[in-house]
Structure formats: structure tokens, C-alpha cells
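Notes for the one structure printed next.
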Amino acid sequence: MNMDEIIKNKHGYYSVKNIPTEVELAEYYEKKYYQVAVGSYEIEYDAEEVLYFKNKIEERTYIIEQNLAASNNKRFLDIGCGEGWALNNYKEKGWEVVGLDYSDFGCKKFNSSCQENLIVGNIYSNLKKLIVEKKQYSVVWIDNVLEHVTDPEFLVNEIKDVIEPGGILVIEVPNDFSFIQKYAIDKKLVDNEFWVVTPDHLSYFNKEGLSNLLSSSGYQTIDFIADYPIDINLLNPNTNYVKDRTKGKSCHKERISFENLIHQRPMDHVLDFYRACAQLGLGRQITGFFRL
């Protein structure tokens, strides 16, 4: 990707200058992801990885429970629910859950009990149907979706119509153009902006940019956390997974082990660590919590 095609927008995050059309994207994703035995849905997860997924969901749930009023209904909407880990978690807690996705393949494979809670098809169209039906949810969850859409501002504004008063919007996105990534480029530890992957990702967020986007749409920022700063591995030639792709799996395992390990400590302490990472601009992912 020519970096001239990536621009910093008015909110302070980066986006692709020439956005593809919805038709072009639909054709791309249909070919890449939604055929049997194609794409990331082939992955099998071991027990440590499943525990990792559950721990990350519990981090967010802890923050949600501290900020959600007792009067709020237990209705959960997952936009781009993927393999259904969050859907299943909230369903097991007794919540009314709904998931939107272009395909049911991942959810069917990993959390088949949630298939009955899926609305499959164009996410924008199905979200609009929920709006027309005046459906509202106390928690709306968007996990690694916003970086893919052609117009993030349009989506977060649409979501305003499905969040009940006092409800919470949770958004996770990759932490891109971080200072550690830029340092790795400056010191020639990597020779390209490896995090730029188009047309898969059309927007490249940071904490400030995501907060600015939501603020401009009328949301209040409640909290921010990051995850494990896996990019520190770029500073060590023995673990630089960009220069040597064979190192990627071991670095991923390191992240899983570390995150599961610290979850043996009190959740307040765990979240203090991840809040500090977010404040420092560390972490490969960032998660923001917002309300209207």
C-alpha cells in the first residue's frame, strides 16, 4: 500500500483515501470469508485460547456492569458477531441476545447454540430493520468491525437509534500507527507499515481518534482499555514476527499465556494495567466504552 493513499482525517485517525464501494467490498468478502473451508474460520482453538476469549469478554463485562444502571434491560446486540463468543457469553448470563453478521459459518462452528439468535445478511440493512422495528438494547457490541466499514461515522450514528437510554456502546479496534509501530519503522526494525491491510481495513484508529469520532456523534467516553502490547516483540530480533513470520505463532502464544496469567489477579488490578496501556498508546487492540 502506498502511504499516500492513507490520510489522517478530521477526527485524528487514519483512513483510506479512495474508499471502495459497498458492492466491491461485498464481492471481496464473499470470496474471501464466506465459503466453506476458506479464511480464518478454518482455525481450531485450544483450551488456552478459548479461556483467553472468555477473559477478554469478562474484562468488558466488568466495566459494563459498573456503568450500566440497574433499570436497564438485559438486551445485547453484537454487530458483526463472527464466531459468537460474546453472544454465547451473554446468553449464558440470561441476557436476550441478537447477533448480526454476513454469515453464520463461524457461529455455527464454535457457538452453535447461538444460531437461533443470528440475523444473517447485510449488516447495514438488518441494523436498519431493527431501527424501524424500534428495537433497543442496553449493550451494543462492535468487535473488530469499525475498521472494515466504508463510513464509521455513519455506523456509529445509526447505532444511536438502537441503544436504550443509559445503554453502553462497546467498540474494539486495532491500535494502528501507534508510537511503538512508528519507532519500529524509524529504527528499521520493520521495513513497511505491516498493519496497513487494504481493502480489509479502511480505517486505522488510535485512542484519541476513536474518542473524537464518538464525541462528534454525541457520545460520552466512559472508559478505555488496551490489550497485551504484542508489538514490543518487534524490538527484539529474536521475536520480530514481521521480519521473520515463523515467529508469529510463538508471539501469539506468549500473548495468550500472559493475558490468562494476569487474569488470576483481581479484575480491578487487571483493568488498571490495561487502562495504563491504553493511556500510553500501547496494546495491539483498544476498546472504548461510550454512552449517549
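The table for this structure:
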{"item": "Distance histogram for region 110-150 (every C-alpha pair counted, 10 angstrom bins, percent rounded to whole numbers)", "result": "20, 53, 26, 0"}
{"item": "Amide H partners (placed H, <5 Å) of TYR228, local residues excluded", "result": "ARG284"}
{"item": "Relative contact order [Cα under 8 Å, 6+ residues apart], region 89-184, whole percent", "result": "24"}
{"item": "For semi-axes √(5λ) of the Cα gyration tensor in Å, calculated from these coordinates, the label among (1) 31, 25, 20; (2) 32, 25, 17; (3) 28, 23, 21", "result": "(3)"}
{"item": "Value of D in µm² per second that Stokes-Einstein yields for region 193-292, Kirkwood Rh from Cα pairs, at 10 °C (1.306 mPa s)", "result": "104"}
{"item": "Cα-projected label distance for GLU44 with LYS109, points at 7 Å along beta-carbon direction, nm", "result": "1.2"}
{"item": "Debye, to nearest 20: dipole size of the chain, +1 on Lys, Arg Cβ, -1 on Asp, Glu Cβ", "result": "360"}
{"item": "3J(HN,Hα) from dihedral phi, region 148-154, Karplus parametrisation 6.51/-1.76/1.60, rounded to Hz, x for glycine, proline", "result": "8, 7, 6, 9, x, 5, 4"}
{"item": "3J(HN,Hα) from dihedral phi, region 278-287, Karplus parametrisation 6.51/-1.76/1.60, rounded to Hz, x for glycine, proline", "result": "5, 5, 7, x, 8, x, 7, 10, 10, 10"}
{"item": "Antiparallel DSSP beta bridges within the chain, as percent of all bridges there, nearest 5", "result": "50"}
{"item": "Square roots of 5 times each gyration tensor eigenvalue, C-alpha, region 180-227, largest first, Å", "result": "27, 14, 8"}
{"item": "Region 266-277 - phi-based ³J(HN,Hα) in whole Hz, Karplus 6.51/-1.76/1.60, Gly and Pro as x", "result": "x, 4, 4, 5, 4, 5, 4, 5, 6, 5, 5, 4"}
{"item": "Spherically averaged projected area in nm², based on the convex hull that wraps the Cα atoms of region 41-136", "result": "6.7"}
{"item": "Coil-residue trypsin sites (Lys or Arg not before Pro) of region 49-129, DSSP, other Cβ within 10 Å capped at 12", "result": "LYS93"}
{"item": "Counted charge near GLU259, where neighbours are those whose Cβ lies closer than 12 Å (Asp, Glu -1; Lys, Arg +1)", "result": "0"}
{"item": "Qualifying trypsin sites (Lys or Arg not before Pro) in region 166-273, DSSP loop, other Cβ atoms within 10 Å at most 11", "result": "LYS187, LYS188"}
{"item": "Relative contact order of the chain, pairs being alpha-carbon contacts under 8 Å that are 6 or more residues apart, as %", "result": "20"}
{"item": "Unit charges on C-beta of K, R, D, E only; dipole of region 101-157, Debye", "result": "260"}
{"item": "Helix-only [θ]222 nm of the chain, DSSP H runs n ≥ 4, -39500 (n - 2.57) each, per residue, nearest 500", "result": "-11500 deg cm²/dmol"}
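None of the figures in this text is laboratory data; all of them are computed from the coordinates on show. What you see is a predicted model, and the numbers here were worked out from it, not measured in a lab. Cβ sites come from the backbone with ideal geometry, for glycine too, and all protein chains shown count toward neighbours.
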